[in-house]
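Before any comments, here is the structure.
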There are 2 protein chains.
Amino acid sequence: MSDRRQISMAVVRRLPKYHRYLLELISNDVDRISSKELSEKIGFTASQIRQDLNNFGDFGQQGYGYNVKELYNQIGNILGLNETYNTIIIGAGNIGQAIANYSNFSKLGFTNQAIFDKNPKLIGLKIRDIAILDVEFLEDYLKKNNIDIGILCTPREQAQEITDTLVKNGVTAIWNFAPIDLQVPDNVVIENVHLSESLLTLTYRLNEPKLLHDIKK
Amino acid sequence: MSDRRQISMAVVRRLPKYHRYLLELISNDVDRISSKELSEKIGFTASQIRQDLNNFGDFGQQGYGYNVKELYNQIGNILGLNETYNTIIIGAGNIGQAIANYSNFSKLGFTNQAIFDKNPKLIGLKIRDIAILDVEFLEDYLKKNNIDIGILCTPREQAQEITDTLVKNGVTAIWNFAPIDLQVPDNVVIENVHLSESLLTLTYRLNEPKLLHDIKK
DNA sequence: AAGCAGTTGTTAATATATTAACTATAATGT
DNA sequence: ACATTATAGTTAATATATTAACAACTGCTT
């Protein structure tokens, strides 16, 4: 019996971290681990770890703990890493190029198939053997190729329009680096990487001690 | 009287978004806005907006709403944008270069003062007039220059060691792009940008409908 | 000038997330 | 084989975060 309760984002955001720590354990030849031991490494409570994992299945065994390799694979599957993903990058500026060059994603099963830009100076250049194409051809390209994830690295001004094109042509996942909140239908998932916002939370915390001393009440 | 209650990260992470939307309102010549109107734009509830802002002061006026420019400035101050920040980038790979090239941060008051790497092929090259220095000289540099934020873009293997050097020499804020959880003393603040983790939450959600259908119970 | 509509700041209620406690079970040692 | 220890899964308690309700106040209209 399935019960289909939606898993909270708080839980989902911890899953990749479990995945990462388990891989580290594997490379250290650790075969089994208890929620308590893992909690000491990863910094969540043992209780939280058991709660999190239990959302998806009974992966452990009482009196024993979790088999590291098995748990790693299970979490990989939960994260969808049993499949591979075709991506395209739109926007070959700083971030777009950095993502295109970054090789670690291919290890996880992501293959970048194309890069688009509107700058004539960039069109035709190659990044890791992938030519930068004219964004004019984006819609055409999407009709002919099966793309799972659009990686949006354009300036803010173009982001919504490109998004509309992606969505219209069947892309249902967008990794968004543009500093804007995109409007999409319910079936499309978006993950934002808002670098400026991230940086500003850092300056907030850098100044917080002073600040809390000053404010009202 | 101050009461110094620590503001929750949930609130802090919304502040930059208020800041961004308020700037947009300013550029659209909007003078005043109510929590209700803002809630429709930004997608938080009006109640949450009032609660969030009220952590820091009484910025609004009953029957009127909030003065956009004033609120923008207040939130800027809360985020520490009344000050400027000297940054250095450690690691001149894809991400390091992208951040170095990205000009938007300087508008917010961040000045990147130096870039470090250990690759002899990169040392000496310039990015936006800033030469890439040998990471051997990092400690020396930190002793002579006042750096507020270290932007860590090295591979995982070097990240903790560099962090230790930064911390030892007085850097109390680290913006970390390396896929690792850094160990630092309590007075040092860290903001992680874990791109792989971000991407994996996207694939999770892309596959969630299937997944929730299958799992136990 | 009075009353109405709008809106905040704040308190109360609800919902969500985290942590702790407990129960059942498996592994281990003697 | 039995007793002991370890540990997961699960339920209960607590803490946190979000949303709703409301009283106090402001600005606007007539």
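Any chance region A:3-18 includes a residue that's closer than 24 Å to B:S198 by Cα, outside any helix (DSSP H, G or I) and among the small types (G, A, S)? So far as region A:3-18 goes, yes, one or more of its residues are closer than 24 Å to B:S198 by Cα, outside any helix (DSSP H, G or I) and among the small types (G, A, S). Scanning region A:88-104 turns up no residue that is surrounded by fewer than 20 Cβ atoms within 10 Å (Cβ to Cβ) and over 30 Å from A:N169 (Cα atoms). Just checking, does region B:94-117 include any residue being farther than 29 Å from A:A178 by Cβ and of a type in the set (K, R)? Checked against the condition, which is being farther than 29 Å from A:A178 by Cβ and of a type in the set (K, R), region B:94-117 yields no hits at all.
When residues in region A:26-54 are screened for being more than 10 Å from DNA strand C (Cβ to nearest atom) and open to solvent by less than 70 Å² (accessible area, probe 1.4 Å), 7 of them pass. Of all the residues in region A:3-25, those that are open to solvent by less than 60 Å² (accessible area, probe 1.4 Å) and more than 14 Å from DNA strand C (Cβ to nearest atom) number 6.
The number of residues in region B:117-162 being in contact (Cβ under 8 Å) with a residue 24 or more places away in the chain, open to solvent by less than 30 Å² (accessible area, probe 1.4 Å) and out of contact with any Asp or Glu (no Cβ under 7 Å at 6 or more places or on another chain) comes to 12. Cβ separations smaller than 7 Å between residues 6+ apart or across chains give the following pairs from region A:12-28 residues that are at the interface with another protein chain (Cβ under 10 Å from one of its Cβ atoms) to residues that are within 16 Å of DNA strand D (Cβ to nearest atom) and not in a helix (DSSP H, G or I): A:R14/A:F44. Within region A:55-70, restricting attention to residues that are within 13 Å of chain B (Cβ to nearest Cβ) and surrounded by fewer than 19 Cβ atoms within 10 Å (Cβ to Cβ), the residue that is farthest from DNA strand C (Cβ to nearest atom) is A:G57. Among residues of region B:174-193 that are polar (S, T, N, Q), those with a Cβ under 6 angstrom from a residue that is surrounded by 21 or more Cβ atoms within 10 Å (Cβ to Cβ), sequence gap 6+ or separate chain, pair up as B:N176/B:L152; B:N192/B:N176.
Number of residues in region B:180-194 that are open to solvent by less than 20 Å² (accessible area, probe 1.4 Å) and either within 7 Å of chain A (Cβ to nearest Cβ) or among the small types (G, A, S) (or both): the value is 2. Scanning region A:163-179 for residues that are closer than 24 Å to B:E24 by Cβ and open to solvent by 10 Å² or more (accessible area, probe 1.4 Å) yields A:D164, A:T165, A:V167, A:F177, A:P179.
Only one entry in A:N77, A:N73 is within 14 Å of another protein chain (Cβ to nearest Cβ), open to solvent by 10 Å² or more (accessible area, probe 1.4 Å) and either within 11 Å of DNA strand D (Cβ to nearest atom) or not in a loop (DSSP other than H, G, I, E, B) (or both), namely A:N77. Going through region B:80-109 one residue at a time, which ones are under 17 Å from A:L206 (Cα atoms) and within 15 Å of the chain's Cα centre (by Cα)? If the condition is that a residue be under 17 Å from A:L206 (Cα atoms) and within 15 Å of the chain's Cα centre (by Cα), then B:G80, B:L81, B:E83, B:T84, B:Y85, B:N86, B:T87, B:I88, B:F105, B:L108, B:G109 are the ones that fit. So, in region B:29-54, of the ones that are within 11 Å of another protein chain (Cβ to nearest Cβ) and in a helix (DSSP H, G or I), which residue ends up nearest to DNA strand D (Cβ to nearest atom)? The extreme case among them is B:N54. Filtered by the rule that a residue be closer than 30 Å to A:G170 by Cβ and among the acidic types (D, E), region A:44-87 gives a lone residue, A:E83.
The values are calculated or read from the model by the stated rules, or taken from the named source; none is laboratory data. Note that the structure is a prediction, hence the values are computed from the model and not measured. A quick note on method: Cβ atoms are made from the backbone with ideal geometry, for glycine too, and the neighbour counts reach across all protein chains shown. Note: areas computed on protein heavy atoms with side chains; ligands, DNA, RNA excluded. Shrake-Rupley method; radii C 1.70, N 1.55, O 1.52, S 1.80 Å.
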